[in-house]
Every structure is written in C-alpha cells, then in structure tokens.
Amino acid sequence: MQGRVLIVDDDAELVKLLSLVLTRKGFETRGVRSGAEALTALAAEHFDVLLTDVQMPGMDGIAVCERAVAAHPDLPVIVLTAFGSMESAVAAIRVGAYDFVTKPVDNTVLSLAVERAARHRALGDEVRRLRVTAAEAPAPLHLPGVLGDSAAMRQVYDLLLRVADTESTVLVTGESGTGKELAARAIHARSRRALGPFVAINCAAMPAQLLESELFGHKRGAFTDARADRKGLFQQADGGTLFLDEVGELPMELQPKLLRALQERVVRPVGGDLEVPVNVRVVAATNRDLETAIEEHRFREDLYYRLNVINLPLPPLRSRGGDVLILAQHFIERFAARADRRVKGLTPEAAARLMDYAWPGNVRELQNAMERAVALARYEQVTVDDLPEKVRKYQRSHVLVASDDPRELVPLEEVERRYILRVLEAVGGNKTLAADTLGLDRKTLYRKLERYAQGS
C-alpha cells in the first residue's frame, strides 16, 4: 500500500471515481462529503494525503486546507480547482496546500500528484524519525561522527568492541572518506591504552627518508639538519596507540624496518647503533588492495600478515541506507551550532536527494556538503537548493536504457562502470565478492575502481 488518502468532495460520484483511480495505484482511500467530516476524520485516523475540492457548500476547500494544515502540519494537502481558476490555486498554496490539480481531472496527473505528496509525507516522517535517532540514540563508541543504525554499521560496532580490549594489530580497510581514523580512535578509546597517547601519521604524506626519521627517530648528526636527538612516533606513542594511515603507500625500503618494529617491539633511530624498546599498539589503515600490491611486489607479504591480524572493513556510505540522514542531521547540528545559525534539519526533498546520491567521497563528502548547506541555508531547514550541484542533479544510473532518446545513450565503458559500481553496492562494498560476481580477478577490479576514483 502506498498510503491512505482522504478525499473530500460534495459530489459522491466524483469521490467514487477518484477513489477508483487511486485504489488502482495502490492507495487506500476514504471519501467524505464535507469539510466538517474531513476534519473529524483527520482527528480520528491517520492519512498520508488529503485531497479536497475547493468549491463545496459550507466550509470550502481553502478553509479545509488551512485548518487541516494548522492541526496536522506534516499532512500534504492537494486541492482540486476549476480549470483556469488560478486565484483558488494561489489561495490554497498560501494557506499551506502542497499541490493543486485542475478539473476536469486527468487521472495520470492526479496519480502523479498524490504519489509525490505521499512520498513527501513518508520522507518527512523518516527525516523526523532519524533526527530523533541521531539526537537520542547514544553513539556506541562515544565519539563524534561515529553514528549509524544500519546493519552494516552494527557489524562494525560489534567488531570494534570485541577487538578494542585486545593488544592485536588491526588493519582498517575501506574507501577514502569512510572514517578509518575515527575507527582507530574508537579502538584506542575503548582499549586498556586509552590513557596513553594516540599518535597518527599519514604514510603517503612525506618522502621515505623523512618518514623513516618521523617513525623511528634519529640521532644527532644522522643527516643534514639533525642537530639533536629526536624521538620518533613509535617512542612518542609508547604506552598508547600508533595509527598508520595509508599504510599501503609505505615505501618498500621502510617496510622491513616496520616489520621488525612490530615483531620485536624495538626501533632503531636513524644514525643510531642501539635499538630502543617500545610498548605500542599499531592500528593501520588503507584504501588499497594490499593483496594485489603483494602480487605486484609493492608490499611485503610478511608485513601484510603482521598488520592484518584483525581486519576491520568499513562499509561505503552508499550501502548504509538511512545512516546518510542520521549523519546529515548530526553534521547540520554541529555546523549550525558552530556558526550560530538557526538551521535545524532537512526538507523531505533534500533528504530524498541525499538518499539517492551515491556519495563517492563517503562520510567526508557528506560532511563537506552539510557544512556548505548550513552556510548557504536561508531557512530553518536545508533545501535542495542548498545542496552541492552534483548532489542536486544526480540521477541514479540504470545500466539498461529503455529509451530511444540519444541523450540517454552512453558509451560501453560507461555502461561497464555503472554496472561494476552497482554490483559493488549490492554486495555491501565487498570487493572480493564483487570480483567473483563480475567474473573478474581482484587485481583487475581494483584497477578499474582506482581509475573511476580518479575520474578517468
């Protein structure tokens, strides 16, 4: 059932006709003959859409609309106006009508208007439900941004809670922007090392020589500008957690040294003769396929197994369903408070666009989009116009084009791209399962995904 529609018209035959049209479209309908009956029915029962004629004896449709909207602000009202009577339509919109349909009624136009109104109501209900979820449901790890109620995230929470109190090395995997550092911080916060330091480094952010010194430290005179001894991040993180982000970018020449540090729990500073013991738990993260990197001799297999004692895969945002709206509400409240703006949430139409969009940049992209929306918002709710252009204009891809319109035809490579991404979405971001489904070897799939991510 698509929803319940209350039909108000003093013409009994028209009520029957409208009811028949909407019933065939999957709606449940109830007809009443006056405005007073309509208000009584609305007070006693739940309806998703109110459809009312304007010209009725006693209370007219404009008054019905005004009183219905006042009592039920979330109820979309559609008014039926005589052809050419734009004054009535404008009056209805001014008192809060969602839409209007002219007489004589075109069944297709009517059905589309009611379906759109019912979807508006459903989205509004979902936005309110998820707003309550975001406000009241405790974040399982008590960290900003670690939110979500989807099955995929519940699995993440469960694994996080089970591994946090161990000393095992964890490899966090997932697409860029899925929150890998947040997950690492969550592990640290729930571990026995929580009172110790959490030290993070991006392994792709500096050249090999500087990275070696950054990780393991150096002795005075080890190289130009080494004017004093310096402790590396392993020593700085002693008693706590060291987070190695983008570990797949670690230069080959440093990988044996990292492996020894993990195995022996000692580090040798650059230019030093003695090894220094360290007490550190390592959490690493990557958006690369390290098994493919091993096959291509870009990553050591023994280091991979030392890092991947426990694998924590993070799902892409596109496979997390309603989490998109929970996170959007969270970011809106955060940025509104920071900017001292009275922006409280999303319109149903904006929520629909967020749910439809594929979010290639994942949570990071959503966060940026909501910061922009709060900055641009002119009302208390973020509207479609406040969203980034690519979110506003995004249309969910369909691989098979059931149209002869040349504008809808795409190159074969684009068809392949859409299908690969659709399969990946269907399997919850599991690249191994996606490769098996597509009949590709894992290396080929990863190369294609990397090319898509680079926009080429």
Qualifying residue in the range 332-348 (condition: touching a Lys or Arg at 6+ places or on another chain (Cβ under 7 Å), surrounded by 15 or more Cβ atoms within 10 Å (Cβ to Cβ) and closer than 28 Å to N287 by Cβ): no
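One line per residue, one yes/no per condition, for (1) free of Cβ contacts under 8 Å to residues at least 12 places away in the same chain; (2) assigned by TED's automatic domain parsing to the domain that holds D323; (3) over 22 Å from the mean Cα position of the chain (by Cα):
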position: R162; (1), (2), (3): yes, no, yes
position: D165; (1), (2), (3): no, no, yes
position: G174; (1), (2), (3): no, no, no
position: E181; (1), (2), (3): no, no, no
position: H218; (1), (2), (3): no, no, yes
Condition check for E87: among the charged types (D, E, K, R), over 12 Å from V8 (Cβ atoms) and either in contact with a Leu (Cβ under 7 Å, 6 or more places away or on another chain) or without any contact (Cβ under 8 Å) to a residue 40 or more places away in the chain (or both): yes
Sole residue being under 18 Å from R300 (Cβ atoms), at pLDDT 90 or above, out of contact with any strand residue (DSSP E or B) (no Cβ under 9 Å at 6 or more places or on another chain) and surrounded by 15 or more Cβ atoms within 10 Å (Cβ to Cβ), chosen from L254, L258, L244: L254
Failed item, numbered, when V114 is tested on (1) of a type in the set (V, I, T); (2) under 23 Å from T347 (Cα atoms); (3) over 38 Å from the mean Cα position of the chain (by Cα): (3)
Per-region count, the range 305-319, residues among the hydroxyl-bearing types (S, T, Y) and either touching a residue at least 40 places away in the same chain (Cβ under 8 Å) or crowded, with 22+ Cβ neighbours inside 10 Å (or both): 1
Which listed residue is assigned to a helix (DSSP H, G or I), under 29 Å from Q155 (Cβ atoms), within 22 Å of the chain's Cα centre (by Cα) and at pLDDT 70 or above, from L421, L445: L421
Residue list for the range 51-74, filter: within 21 Å of A12 (Cα to Cα) and in a helix (DSSP H, G or I): G61, I62, A63, V64, C65
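The values are calculated or read from the model by the stated rules, or taken from the named source; none is laboratory data. Every value quoted in this text rests on a predicted model; they were computed, and no experiment measured them. For neighbour counting, all protein chains shown are included, and Cβ atoms are generated from backbone atoms with ideal geometry for every residue, glycine included.
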